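Everything on this sheet refers to the single structure shown next.
We did not get these values from a lab; they are worked out from the coordinates using the rules stated. On a predicted model such as this, the values are computed, not experimentally measured, just so you know. So basically every Cβ, Gly included, is an ideal-geometry build from the backbone, and we count neighbours across all protein chains shown.
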Amino acid sequence: MDERSPDLLRPTLTAGILFGALASVPFLNLLNCACCALVLGCGFFASWLYAGECRRQLLGFRPGTGAVVGLVSGAFYAVTESVLETGIHLAIGDPTARAMLRLVESLPSLPAENRDMLEQALRQASEATPTFASFVLGFFMTVLIAAVFSTLGGLIGGAVFRTSPAAPTPPAEDGYGPPPSAPAV
């Protein structure tokens, strides 16, 4: 990226906050169980936004640029997802663990010793209050995962939305206005 490059902050911040917020919504966050789909989507969406800016400025957009855009958007994703998810867990607990607890309680064929162990673990998870240490550990895990998968999403976006820079128009002989037209032969 050179000095003529479009603003990197707007597309990466937009994609990171949008997908980080989606990833913190209970049950919607389960989309990340499908090959980190939300994290990949974050990098891909940021690439799409940045490629549009490059097209408007008649600049090229390559997969390497997409990877950088994906990496930066992954950092914003990690911050947004960690803060919002911790806030949700502080406010209402872990709704996914409560749903799993209800599912385990409804399984009649589960052996009693397994049921008791699962119920105890899920009850503790649903009632646990996040601590600062769990926030920091979760944040760093999210940063690592987001760095890899959002970069991959940006790389894929860079390949999909690849553009070549526009050919520069030659200046006029006097340096002003459009170039003179060639005489017809």
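For this structure, a couple of remarks:
- Going from the fewest other Cβ atoms within 10 Å to the most, the residues Val160, Val104, Val72 appear in the order Val160, Val104, Val72.
- The order of Cys35, Cys54, going from fewest to most other C-beta atoms within 10 Å of their C-beta, is Cys35, Cys54.
- Ellipsoid semi-axes in whole angstrom, largest first, where each is sqrt(5λ) of the Cα gyration tensor of the range 109-149: 31, 15, 6
- 5 angstrom amide H check on Phe61, placed H, neighbours 5+ away: Thr163, Ser164
- Rounded tilt (10° steps) of 112-127 against the dominant C-alpha axis of the chain: 50
- By the Cα gyration tensor, the range 44-124 has an equivalent ellipsoid whose semi-axes, rounded to whole angstrom, run 46, 15, 10 from largest to smallest.
- Rounded to 10°, Cα long-axis angle of helix 63-92 versus longest principal axis of the chain: 30
- For the pair Val136 and Ala99, a Förster radius of 22 Å applied to the C-beta separation gives a FRET efficiency near 0.25, rounded to the nearest 0.05.
- Calculated diffusion of the chain, Stokes-Einstein form, Kirkwood radius summed over Cα pairs, 10 °C and 1.306 mPa s, µm²/s: 83
- The helix-only estimate of mean residue ellipticity at 222 nm for the chain, built from DSSP H runs of length n ≥ 4 each weighted as -39500 (n - 2.57), is -23000 deg cm²/dmol after division by the residue total.
- FRET efficiency for the pair Ala125 and Arg10, taken as 1/(1 + (r/R0)^6) with r the Cβ-Cβ distance and R0 = 45 Å, rounds to 0.75.
- Degrees, to the nearest 10: 95-105 long Cα axis against longest axis of the chain: 40
- Exposure proxy ranking, count of Cβ atoms within 10 Å, fewest first, for Arg98, Arg123: Arg123, Arg98
- Most mobile of Leu152, Leu38, Leu28 in a GNM of the chain (Cα contacts under 10 Å): Leu28
- Mean separation of Cα pairs under 8 Å and 6 or more residues apart, divided by the residue count, gives the chain a relative contact order of 34 percent.
- A simple rule links phi to the HN-Hα coupling: the Karplus curve 6.51 cos²θ - 1.76 cosθ + 1.60 with θ = phi - 60°, which for the range 20-26 gives x, 5, 4, 6, 8, 6, x Hz, with x for Gly and Pro.
- Spin-label model distance (nm) - Ala166 vs Leu144, 7 Å beyond Cα toward Cβ: 4.6
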